Amino acid sequence: MKVSLITLLLLITGAQLSRTQAQTASPAVPTKAEQQVMDLSKAKWTWMADKNVDSLNVLFDEKCVFVHMGGSWGKSQELNVIKSGGIWYKKAAVYSASVNIFGNTAILLNDIDLLAVVDGNEVTHAFMVTEVYLKENGKWKMGSLTFSQLLRPVKMEAPGKQ
């Protein structure tokens with residue numbers, strides 16, 4: 001009887017733990033605003049790869065700041081770097097994205113591998129990219145873009161192996 005009772009309690013506990021893990025493992029459905037920010041971020045990576053400075057000019061707030069491995073600067077320098085090819089954001093493989101919205105401010109985190117051409121040299125790095133968006137007059141504008149290098153190995157396949 002004692003063994004049966006202990007076995008029953010262990011089964012119930014195990015079932016509850018499994019259910020709790022399943023609930024926490026399933027991603028929450030993003031809100032409409034969160035999805036808008038994620039879609040805008042995805043479009044931004046495409047615009048950066050295509051060197052579409054006209055669309056980026058609209059997205060970047062006038063006071064937007066950019067933090068790279070080699071320094072930090074403002075909107076006009078970032079657009080000039082992209083237009084001139086000083087940095088060509090060739091391909092961003094996004095492995096995860098999450099958004100937190102606080103009033104009119106959205107903070108998006110992207111876990112990415114970035115294949116870029118920097119001063120003519122092709123490089124690939126793993127980054128956590130922090131993007132800050134501000135909602136003004138019903139539109140999201142980028143206020144900051146920061147690249148933080150991750151210590152994990154690059155997941156993206158090297159060019160030519162794809």
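Annotation: the residues Tyr95, Tyr133, sorted from fewest to most other C-beta atoms within 10 Å of their own C-beta, follow the order Tyr95, Tyr133.
Here Glu62 and Ala33 are evaluated by their C-beta separation; at R0 = 25 Å the FRET efficiency comes out at 0.65. Between Asp50 and Lys155, the contour length at 0.36 nm per residue exceeds the alpha carbon distance by 35.6 nm.
A full extension of the chain between Glu122 and Ser84 corresponds to an added length of 12.1 nm, given 0.36 nm per residue minus the alpha carbon distance.
Readers should treat all values here as calculations from the given coordinates under stated rules, not as data from a laboratory. Not measured: the values here are computed from a predicted model. Reconstructed Cβ throughout: ideal geometry from the backbone, glycine too, with neighbour counts over all protein chains shown.
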